[in-house]
Amino acid sequence: MRTTLFDLSNEQRLLLESLEFVVSDDGEIPPDISKQLAALTGKIEDKLCACAAVAQELIRKQEVCAAEAKRLSERGRHLDNQSKWLKTYMLDCMVAADIKKAESDLFSVSRCKNSAPSVNILNLDAVPHDFDKVHEREVSKTEIAKAVKEGREVPGVEIIHGEHVRIR
């Protein structure tokens, strides 16, 4: 049966809780329980190191996946740009040659009007503000933390000091 890190931690916690019943009046921990605690601590440390190795491997795999995703995304964007350029080139040539439609065994190429007109902004300053997009409010958490550190009170926020695992 495999023992998990959780099981080992729970076993150590239970052993530590039972100490109040077995510790002698002079504060000595019985040698057998001391050996059990040392063994459990060693097993927990071994499991933690094994978990750290797996976590590091997962991080490396994620980095490889992220790099590959970036590469494929850039390639996809490049192919999309080439396709758009080629369609613009085809349209320009069809307009210049006054060709409405071209057909072959594989494809049919035709000039079409767009279904919806597009808007071209000539002078942004002249456009009324009624047409402005409203963006969500953003606050700088870094600036808030700095202000609180300087002693300022910032309503609506709380400063949290959490914990995390560092693997070296």
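The values are calculated or read from the model by the stated rules, or taken from the named source; none is laboratory data. Since this is a predicted model, take the numbers as computed values, not measurements. Don't worry about glycine lacking a Cβ; one is built from the backbone with ideal geometry, like all the others, and counts go over all protein chains shown.
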Kindly indicate whether any position in the range 138-149 is more than 32 Å from the chain's Cα centre (by Cα) and surrounded by 10 or more Cβ atoms within 10 Å (Cβ to Cβ).
no
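Here are some residues: Glu57, Glu74. Which one is within 25 Å of the chain's Cα centre (by Cα) and farther than 24 Å from Thr4 by Cα?
Values: Glu57 fails: farther than 24 Å from Thr4 by Cα.
Sole residue among the options that is within 25 Å of the chain's Cα centre (by Cα) and farther than 24 Å from Thr4 by Cα: Glu74.
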Is there a residue in the range 79-96 that is modelled with pLDDT of 95 or more, over 22 Å from the mean Cα position of the chain (by Cα) and loosely packed, with under 10 Cβ neighbours inside 10 Å?
yes
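Report whether or not Glu138 is within 30 Å of Gly156 (Cβ to Cβ) and either out of contact with any strand residue (DSSP E or B) (no Cβ under 8 Å at 6 or more places or on another chain) or without any contact (Cβ under 8 Å) to a residue 60 or more places away in the chain (or both).
Spelling it out, Glu138 is indeed within 30 Å of Gly156 (Cβ to Cβ) and either out of contact with any strand residue (DSSP E or B) (no Cβ under 8 Å at 6 or more places or on another chain) or without any contact (Cβ under 8 Å) to a residue 60 or more places away in the chain (or both).
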What's the number of the only condition in (1) over 30 Å from Cys51 (Cβ atoms); (2) among the β-branched types (Val, Ile, Thr); (3) in contact (Cβ under 8 Å) with a residue 12 or more places away in the chain that Ile167 fails to meet?
(1)
If a residue must be free of Cβ contacts under 8 Å to residues at least 24 places away in the same chain and either farther than 30 Å from Leu14 by Cα or not hydrophobic (A, V, I, L, M, F, W, C) (or both), how many such residues does the range 37-79 contain?
26
Given (1) hydrophobic (A, V, I, L, M, F, W, C); (2) more than 34 Å from the chain's Cα centre (by Cα); (3) at pLDDT 90 or above, where does Ala50 come up short, assuming only one miss?
(2)
Inspect the range 7-16 for any residue being within 34 Å of the chain's Cα centre (by Cα) and in contact (Cβ under 8 Å) with a residue 24 or more places away in the chain and give the result as yes or no.
yes
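Here is a yes/no grid of residues against (1) of a type in the set (D, E, K, R); (2) part of a loop (DSSP other than H, G, I, E, B); (3) more than 23 Å from Arg166 (Cβ to Cβ):
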| position | (1), (2), (3) |
| --- | --- |
| Thr41 | no, no, no |
| Cys49 | no, no, no |
| Val64 | no, no, no |
| Leu72 | no, no, yes |
| Cys93 | no, no, yes |
| Ile99 | no, yes, yes |
| Val109 | no, no, yes |
Name the single residue that is modelled with the lowest pLDDT among those in the range 135-167 being over 28 Å from Ile59 (Cα atoms) and among the acidic types (Asp, Glu).
Glu136
